[in-house]
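Asker: Sharing a structure here in structure tokens format.
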Amino acid sequence: MNGIVEYLSPFLPYGSTVFCLVLAGFGGIGKSRIVPYPPFLAGMLFLAAESFATGRIVAAPDATDVELWLRIRFVVTAVLAGMWLSFSLTYARSNYQDYLRRWGWGIALSFIVPLALAVFYNRNLIDEFLYFGTPLDMVFRLTPYGYAFQVCLLAITILILLNLEKTLRS
């Protein structure tokens, strides 16, 4: 079983990257689009970038490359959270401009706070990084800044899910 995981692990993130790019392309086809295309396109492109960074982490030859791509992935993930919050406020709503106006500060904070943590504290998000030869055998401990980053992403994810649930319920 472990051999299968090691064999497939480099291909799964890159396959996810291609799939995200294909979905981003198909999201804008047709006259009547179900999804608002700009937030969906941006979300899918950043999701593809995050998957690509994950693939680079898995395929990295040494600990230095793993750590570099992990830090790049933190920055991409920080932007991704705000993108999907914007999408969740516009999805399947005829009056999405009102929602965007009301949530203006929330959307701005969902971009600014995680991105500020990921950029300004990038070197301080990970306290201890242990690499045991393969990216599947790595362990890292987060600093308080790293925990704040993860809690911020969790809070934004909860808001995204609440918005989508409200939309789908109505």
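The values are calculated or read from the model by the stated rules, or taken from the named source; none is laboratory data. Not measured: the values here are computed from a predicted model. Methodologically, a virtual Cβ is constructed for each residue, glycine included, from the backbone with ideal geometry; neighbour enumeration extends over all protein chains shown. Accessible surface is based on the protein model in full, side chains and every heavy atom, while ligands, DNA and RNA are left aside. Shrake-Rupley method; radii C 1.70, N 1.55, O 1.52, S 1.80 Å.
Asker: Consider Gly146 against the criteria (1) outside any helix (DSSP H, G or I); (2) touching a strand residue (DSSP E or B) at 6+ places or on another chain (Cβ under 7 Å): it satisfies all of them except one. Which criterion is unmet?
Answerer: (1)
Asker: Follow-up question, since we're still on this one. Output the residue which, of all residues in segment 112-143 that are part of a helix (DSSP H, G or I) and open to solvent by 70 Å² or more (accessible area, probe 1.4 Å), is modelled with the highest pLDDT.
Answerer: Here the answer is Ile112.
Asker: I've got another one for you. Within segment 34-58, can you find the residues that are open to solvent by 50 Å² or more (accessible area, probe 1.4 Å), over 19 Å from Leu85 (Cα atoms) and at pLDDT below 90?
Answerer: Arg56
Asker: Would you call Ala81 crowded, with 16+ Cβ neighbours inside 10 Å and within 17 Å of Thr157 (Cα to Cα)?
Answerer: Yes; evaluated as a whole, the condition is true for this residue.
Asker: Consider segment 144-170. How many of its residues are among the hydrophobic types (A, V, I, L, M, F, W, C), in contact with a Phe, Trp or Tyr (Cβ under 8 Å, 6 or more places away or on another chain) and modelled with pLDDT under 85?
Answerer: Residues in segment 144-170 being among the hydrophobic types (A, V, I, L, M, F, W, C), in contact with a Phe, Trp or Tyr (Cβ under 8 Å, 6 or more places away or on another chain) and modelled with pLDDT under 85: 0 in total.
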